[in-house]
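Each remark here refers to the structure printed beneath this line.
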Amino acid sequence: MLSVVIDILSWASFIVGGFFLFVGSLGMVRLVDFWARLHAASIIDSAGVGLILFGMMLQGGLTLVTAKLALIVLFLFITGPTASHAVANAAFMSGSRPHEMVEDVTATPPPAKKKTATKKTKAATTAATKGATKAKSTAAKKPAEKSAAAPKSAKAKTATGTRKATKPTTRTRKKT
Amino acid sequence: MFSFISLLIFLCMAILMVRLFAGPTLYDRVLALNTFGSCTVLLIGTVGFLAGRPDFLDIALLYALINFVGTIAVLKFFRYRRLGDAAEDEESIMAPDPEEAAK
């Protein structure tokens with residue numbers, strides 16, 4: 001009776017784990033990008049391997065075999081994410097970026113226009129005060145530099161803001 | 001039971017082989033190789049059960065650890081172009097600061 005239950009349980013974990021293995025390996029081939037393939041590899045490393053080793057542990061019973069399998073699960077669950085992180089970090093450092101990613105949108109605050117406006121005024125005021133306090137020659141140089149630099153950054157930020165604003169609307173339109 | 005799952009693992013390894021050879025960048029290949037190694041660990045375990053000799057699990061355990069070390073070694077080699085030489089590595093890690101260079 002018990003052996004039948006254990007067999008059914010290990011069959012179930014084998015089938016579900018095999019499904020995850022198959023889906024993960026299909027994803028490794030079909031997905032468009034390295035950063036998308038990272039997800040597929042993680043599926044294989046966590047769900048597939050874990051479930052299949054769990055099924056083997058059920059078949060092993062309470063013996064040394066199960067202890068070894070538990071050790072394998074432990075090491076794979078420590079080393080798998082670490083290796084994935086190392087590969088992702090190396091790819092990021094080499095300059096690879098996700099597909100269609102333009103800029104780090106999360107780094108810019110949501111109300112883009114107001115922020116850039118305040119930053120503009122701030123830069124202008126700081127430049128003005130610096131120019132007032134400092135000597136004439138430096139004062140003549142510094143505001144010119146700052147006024148030249150500030151509109152550029154403001155333009156870049158508004159560009160990202162408009163991108164960020166347009167992207168979700170197109171997505172929602174596609175969904176509806 | 002074990003023959004079924006080992007055949008499935010074989011199938012997945014064959015599919016992973018495609019990405020391993022066709023991966024456009026180095027990192028695709030390294031990722032596929034790491035996953036392939038995980039599948040190999042599973043295969044060694046299931047084949048050991050299939051043969052009635054679960055002692056193969058020692059080899060599987062060793063393979064899991066070596067696989068991780070190998071992945072890190074490949075990544076380190078392609079980042080610094082050399083293995084070992086800890087003192088020289090520190091020099092190459094510490095890239096010249098742009099602020100200090102400006103000073």
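Every number in this text was worked out from the coordinates using simple rules, so none of it is lab data. A quick note: this is a predicted structure, and the numbers were derived from the prediction, not measured. With ideal geometry, Cβ positions are generated from the backbone for all residues, glycine too; neighbour counts draw on all protein chains shown.
Quick notes on this structure:
- Scanning region B:10-19 for residues that are surrounded by 18 or more Cβ atoms within 10 Å (Cβ to Cβ) and more than 7 Å from chain A (Cβ to nearest Cβ) yields one hit, B:13.
- Residue satisfying all of: in region B:49-71; among the charged types (D, E, K, R) and not in a helix (DSSP H, G or I); farthest from residue B:5 (Cα to Cα) among these: B:55
- Filter pass, residue A:41 being in contact (Cβ under 8 Å) with a residue 24 or more places away in the chain, closer than 14 Å to residue B:31 by Cα and within 10 Å of chain B (Cβ to nearest Cβ): yes
- Residue identified as within 10 Å of chain A (Cβ to nearest Cβ), over 17 Å from residue A:52 (Cβ atoms) and under 10 Å from the mean Cα position of the chain (by Cα) among B:65, B:26: B:65
- Checked against (1) more than 8 Å from every other protein chain (Cβ to nearest Cβ); (2) aromatic (Phe, Trp, Tyr); (3) closer than 18 Å to residue A:80 by Cβ, residue B:56 passes all but a single condition, namely (3).
- Every residue from region A:29-38 that is aliphatic (A, V, I, L, M) and facing chain B (nearest Cβ under 10 Å): A:29, A:31, A:38
Here is a yes/no grid of residues against (1) acidic (Asp, Glu); (2) more than 8 Å from chain B (Cβ to nearest Cβ):
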| site | (1), (2) |
| --- | --- |
| A:45 | yes, no |
| A:51 | no, yes |
| A:57 | no, yes |
| A:73 | no, yes |
| A:80 | no, no |
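Residues checked against (1) within 12 Å of residue B:38 (Cα to Cα); (2) surrounded by fewer than 20 Cβ atoms within 10 Å (Cβ to Cβ):
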{"position": "A:6", "(1), (2)": "no, yes"}
{"position": "A:17", "(1), (2)": "no, no"}
{"position": "A:32", "(1), (2)": "no, yes"}
{"position": "A:37", "(1), (2)": "no, no"}
{"position": "A:45", "(1), (2)": "yes, no"}
{"position": "A:62", "(1), (2)": "no, yes"}
{"position": "A:67", "(1), (2)": "no, yes"}
{"position": "A:75", "(1), (2)": "yes, yes"}
